[in-house]
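What follows is one structure encoded as structure tokens, with my remarks underneath.
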Amino acid sequence: MTDQPILQVENLTIDYVVLDGIIKAVRNVSFTINEGEVVCLVGESGSGKTTVGLAISRALPENAIIREGRIIFKGRDLLNLEIRDKSTIEDKVMMIFQDPAATLNPLFKVGEIFSDVIKHHLKLSDQLKIREKALEFLKAVELPDPERIFNSYPHELSGGMLQRVIIAITLSVNPKLLIADEPTTMLDVTLQAQILDLLINLKKKFGLSILFITHNLSIAAEIGDRIIVMYGGEIVEEASSEELLKNPLHPYTKGLLECIPKTHIKYSKLKSIPGMIFDLRNPPLGCVFVDRCTEATDLCRKDKPRLIEFLKNHKVACHLYRGSTK
Amino acid sequence: MNTALLRIEDLKKYFPIRVGLFGKVVGYIKAVDGVSFNVDAGEVVSLVGESGSGKTTIARCLLLLEKPTSGKILYDSEDITQLRGEKLRNYRRSVQAVFQNPFLSLDPRMNVFQIISEPVKNSMKLSREELLEYVSSLLELVGLDKSFLDKYPHELSGGQAQRVAIARAISLKPKLIILDEPTSALDVSVQAQILNLLADLKKELSLSYLLITHDLSIVKYISDRIIIIYLGKIMETGSSEEIFENPLHPYTRILFSSIPDPYRKFGERVILRGEPPSPVNPPPGCRFHTRCPYAIDICRKQEPPEIKSSLIHKVYCWLHTEKHSSETKT
Ligand SMILES: Nc1ncnc2c1ncn2[C@@H]1O[C@H](COP(=O)(O)OP(=O)(O)OP(=O)(O)O)[C@@H](O)[C@H]1O
Ligand SMILES: Nc1ncnc2c1ncn2[C@@H]1O[C@H](COP(=O)(O)OP(=O)(O)OP(=O)(O)O)[C@@H](O)[C@H]1O
Ligand SMILES: [Mg+2]
Ligand SMILES: [Mg+2]
């Protein structure tokens, strides 16, 4: 891991145009990912995580509008690329999703899908070579019996196997940045542990940088070097995993940590964060978390706290932490 | 003494695998392969295991959606497959279910009032006003106000939709609710809200739950008893305390190790390699031996016996028999 950013996101602001208004899904989001780093984007449903991921992989749906911001990947602004540059970048940023079954065309065998990708991206034409490459990647993701998998249809494989197949296909185009959007959410806990383990091994082996999207802070803490907490379309806190767990600052982050059921404690009541997210068509004037925060004051309602580096390498957007002690 | 509300005896459910024009049966998927347990009145029993272990199939047998291949399901000491007439209707009212994806189980064309009142209309004689009042009181119980009455499922968040599904499940005053992964589609913060709600309702309405999940981390707080199931068979069962404080089966221990823990770094946990074997030809001997890091010779050949560690804590594992315990001390 070096401190060279592979990705810089600056002031990213994204709206979705819908029939009855404009959903302000992402507002003023800025962060960086260094080479070889695993950065986790954590937040509850609707906080804008997927939208950020889609923007970076330039796969936003048509009703999305990028209002503002820059996405700089290896020194080039992805939002201002010439058409002819786009395909070369595409190979370098890849995204995988939650539902592996929805990603693969059910009518084709894994081998056919895989061969197409390899042919196109690695400019190979020799069928034997293509097959060899595909099997090599299926082995790299620790799939047993790659030959059989190569000849299987997607529906013949379990969710955990499918997610591995997708990771194998994704890796075959040699990406530099992998955006993994809740890749384990549909899997049970044992498969989840396997896939996380695999991603970490592959990161080392292929020198990947990973943006890992999850609503589960436990997972983020285990695999992330750094964690960015989002709420209602904005970043509320950012720190290294250790720091964030040891010393969470934002009331929302604290709440998220308390929600995690701990196996060694017997509860009378689980902690939860009462209430729900606001309507994204009308983001609050002040702090995004104000409605659900037990420590909110008048100031929080009127004035939006800026994301400041309150402690060294630990940013928070909350009026409880005023001024920098850096 | 507790009375068994529900008693499952050696339940088996085999799905035939058919091929060809005439549907010749070439084999069986042994989804549930000899499972026995009780749920007592007022008790919360959790059924925990990986994907494909047969949890939902057990639930579907209880809900009369599948016919058991063999074995018995007794409710109030009566075989549910033999119930007819009023007794059958009574059973269907007494046993309700809540599933993983609330949006799949709520009719998108009905509003919340219609969704909750539908089962009530048919079995309680209530005037329109009484019905409205009853449905509102159910909503209040699950923590939603009256403004939700005329909302449609697409206007609800995941947590709110699950609350509506719970309101519908309690509307007929059931005795037992089967909760099949009730929180695994929800955010962690919402998951905690729903688990708290379920715990409160249980006390208030003296319900029993059969909670089905692959995630051990959510069961401790709410369960009285835990059943660990693998490939259609029980591996270990005991009180919540016993399973959490003294897990005996290697599979149970690995399930614990699979729970993401924010205070542990990755690599510090045991990861279960490989996929569960096919339920068509489950491995001989102990079904878990192909993935068990501690398997010894006998595990591959003979089914493990039941070892009692306490009155209700039982494990099915050769490593815990007297004769073989010496081999494991390494
Ligand atoms: N194509 C779309 N059109 C309109 N609104 C959208 C679209 N995609 C997402 N949204 C809305 O934008 C907001 C942010 O959605 P996004 O999918 O980025 O959140 P997320 O953090 O990934 O949530 P989840 O955990 O549920 O995946 C939500 O309110 C969502 O409903
Ligand atoms: N109708 C059916 N026909 C054939 N096989 C079935 C049927 N229903 C379930 N099975 C098989 O029975 C086994 C047990 O499935 P079941 O759905 O009960 O597992 P589960 O423990 O609920 O898993 P999950 O955690 O994925 O929900 C699986 O191998 C499944 O493929
Ligand atoms: Mg998302
Ligand atoms: Mg199931």
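Residues that are assigned to a strand (DSSP E or B) and away from ligand 3 (no atom under 16 Å from the Cβ) do occur in the range B:97-109.
For the range A:91-111, a residue qualifies if it is within 16 Å of ligand 3 (Cβ to nearest atom) and within 14 Å of another protein chain (Cβ to nearest Cβ), and the qualifying residues are A:GLN98, A:ASP99, A:PRO100. When A:ILE277 is tested against (1) out of contact with any Leu (no Cβ under 9 Å at 6 or more places or on another chain); (2) within 9 Å of chain B (Cβ to nearest Cβ); (3) among the aliphatic types (A, V, I, L, M); (4) surrounded by 21 or more Cβ atoms within 10 Å (Cβ to Cβ), just one condition goes unmet, and that condition is (4).
The criterion of at least 1 residues that are within 28 Å of A:GLU237 (Cβ to Cβ) is met by the following helices (runs of 4 or more DSSP H) wholly inside the range A:31-130: A:49-56. Inspect the range A:291-298 for any residue being open to solvent by 20 Å² or more (accessible area, probe 1.4 Å), free of Cβ contacts under 8 Å to residues at least 60 places away in the same chain, of a type in the set (D, E, K, R) and closer than 22 Å to A:CYS40 by Cα and give the result as yes or no. Checked the range A:291-298: no residue is open to solvent by 20 Å² or more (accessible area, probe 1.4 Å), free of Cβ contacts under 8 Å to residues at least 60 places away in the same chain, of a type in the set (D, E, K, R) and closer than 22 Å to A:CYS40 by Cα.
Looking at A:LEU41, A:LEU7, which is the one that is within 17 Å of A:ILE179 (Cβ to Cβ) and either of a type in the set (D, E, K, R) or within 16 Å of ligand 3 (Cβ to nearest atom) (or both)?
Testing whether each residue is within 17 Å of A:ILE179 (Cβ to Cβ) and either of a type in the set (D, E, K, R) or within 16 Å of ligand 3 (Cβ to nearest atom) (or both) leaves just A:LEU41.
Of all residues assigned to the range A:178-193, none qualifies as being farther than 30 Å from A:SER272 by Cβ and either within 14 Å of another protein chain (Cβ to nearest Cβ) or open to solvent by 30 Å² or more (accessible area, probe 1.4 Å) (or both). Taking the range B:142-174 as the range and being among the β-branched types (Val, Ile, Thr) and in contact (Cβ under 8 Å) with a residue 60 or more places away in the chain as the test, the residues that pass are B:VAL164, B:ILE166, B:ILE170.
Could you pull out the residue among A:LEU54, A:LEU104, A:LEU78, A:LEU60 that is without any contact (Cβ under 8 Å) to a residue 24 or more places away in the chain and away from ligand 2 (no atom under 16 Å from the Cβ)?
A:LEU78
Anything in the range A:153-170 that is more than 14 Å from chain B (Cβ to nearest Cβ) and at pLDDT 90 or above? List them, or say none. Listed by number, the residues that qualify are A:TYR153, A:PRO154, A:ILE166, A:ILE167, A:ALA168, A:ILE169, A:THR170. Of all residues in the range B:44-64, those satisfying the criterion of being farther than 13 Å from B:ILE234 by Cα, outside any helix (DSSP H, G or I) and at pLDDT 95 or above are B:VAL44, B:VAL45, B:LEU63, B:LEU64. Can you spot a residue in the range A:115-137 that is open to solvent by 10 Å² or more (accessible area, probe 1.4 Å), within 24 Å of the chain's Cα centre (by Cα), away from chain B (no Cβ under 14 Å) and among the β-branched types (Val, Ile, Thr)? Yes - at least one qualifying residue is present in the range A:115-137. For the range A:252-272, the condition holds for at least one residue, the condition being that it is more than 8 Å from chain B (Cβ to nearest Cβ) and surrounded by 22 or more Cβ atoms within 10 Å (Cβ to Cβ). Scanning the range B:277-289 for residues that are surrounded by 18 or more Cβ atoms within 10 Å (Cβ to Cβ) and either within 14 Å of B:CYS317 (Cα to Cα) or among the β-branched types (Val, Ile, Thr) (or both) gives B:GLY285, B:CYS286, B:ARG287, B:PHE288, B:HIS289. Within the range A:194-222, being touching a helix residue (DSSP H, G or I) at 6+ places or on another chain (Cβ under 8 Å), open to solvent by 10 Å² or more (accessible area, probe 1.4 Å) and within 13 Å of chain B (Cβ to nearest Cβ) holds for A:ILE200, A:HIS215, A:ASN216. Assessment of the range B:295-302 against the conditions (basic (Lys, Arg) and touching a Ser or Thr at 6+ places or on another chain (Cβ under 8 Å)) yields no matching residue.
Hey, any hits in the range B:98-105 for a residue that's open to solvent by less than 50 Å² (accessible area, probe 1.4 Å) and at pLDDT 95 or above? Checked against the condition, which is being open to solvent by less than 50 Å² (accessible area, probe 1.4 Å) and at pLDDT 95 or above, the range B:98-105 yields at least one hit. Do we have A:VAL173 as away from ligand 4 (no atom under 16 Å from the Cβ), within 13 Å of another protein chain (Cβ to nearest Cβ), touching a His at 6+ places or on another chain (Cβ under 9 Å) and not small (Gly, Ala, Ser) here? No.
Residues of the range B:61-92 that are crowded, with 20+ Cβ neighbours inside 10 Å and under 30 Å from B:PHE244 (Cα atoms): B:CYS61, B:LEU62, B:TYR75.
Counting only residues that are within 10 Å of chain A (Cβ to nearest Cβ), closer than 19 Å to B:GLU43 by Cα and part of a loop (DSSP other than H, G, I, E, B), which one in the range B:175-232 is least open to solvent (accessible area, probe 1.4 Å)? If we take residues in the range B:175-232 being within 10 Å of chain A (Cβ to nearest Cβ), closer than 19 Å to B:GLU43 by Cα and part of a loop (DSSP other than H, G, I, E, B), then B:VAL219 is least open to solvent (accessible area, probe 1.4 Å). Which ones in the range A:271-301 are of a type outside the set (A, V, I, L, M, F, W, C) and in contact with a helix residue (DSSP H, G or I) (Cβ under 8 Å, 6 or more places away or on another chain)? Correct list: A:LYS271, A:SER272, A:PRO274, A:GLY275, A:PRO284, A:GLY286, A:ARG292, A:THR294, A:GLU295, A:ARG301.
Results for (1) away from ligand 4 (no atom under 16 Å from the Cβ); (2) more than 18 Å from B:LEU176 (Cα to Cα); (3) under 16 Å from the mean Cα position of the chain (by Cα); (4) more than 14 Å from every other protein chain (Cβ to nearest Cβ), shown as yes or no for each residue.
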position: B:LEU21; (1), (2), (3), (4): yes, yes, no, yes
position: B:GLY27; (1), (2), (3), (4): yes, yes, no, yes
position: B:THR56; (1), (2), (3), (4): no, no, yes, no
position: B:ARG60; (1), (2), (3), (4): no, no, yes, yes
position: B:LEU64; (1), (2), (3), (4): yes, no, yes, yes
position: B:SER77; (1), (2), (3), (4): yes, no, no, yes
position: B:ILE115; (1), (2), (3), (4): yes, yes, no, yes
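Selection of the range A:131-147 for residues being touching a helix residue (DSSP H, G or I) at 6+ places or on another chain (Cβ under 7 Å) and part of a loop (DSSP other than H, G, I, E, B) yields A:VAL141, A:GLU142, A:LEU143. Would you be able to say whether some residue in the range B:314-325 is part of a helix (DSSP H, G or I) and touching a residue at least 40 places away in the same chain (Cβ under 8 Å)? Yes: the range B:314-325 contains one or more residues that are part of a helix (DSSP H, G or I) and touching a residue at least 40 places away in the same chain (Cβ under 8 Å).
Can you tell me which of A:ILE83, A:ILE23 is touching a Phe, Trp or Tyr at 6+ places or on another chain (Cβ under 7 Å) and either open to solvent by 40 Å² or more (accessible area, probe 1.4 Å) or modelled with pLDDT of 95 or more (or both)?
A:ILE23
Scanning the range A:226-251 for residues that are within 11 Å of chain B (Cβ to nearest Cβ) and either surrounded by fewer than 23 Cβ atoms within 10 Å (Cβ to Cβ) or within 16 Å of ligand 3 (Cβ to nearest atom) (or both) returns A:TYR231, A:SER241, A:GLU242, A:LEU245, A:LYS246, A:PRO248.
The values are calculated or read from the model by the stated rules, or taken from the named source; none is laboratory data. These numbers come from a predicted model, not from an experiment. Because the Cβ atoms are built from the backbone with ideal geometry, glycine has one as well, and the counts that use them run over all protein chains shown. Quick note on the areas: whole protein, heavy atoms, side chains included, nothing else; ligands and nucleic acids left out. Shrake-Rupley method; radii C 1.70, N 1.55, O 1.52, S 1.80 Å.
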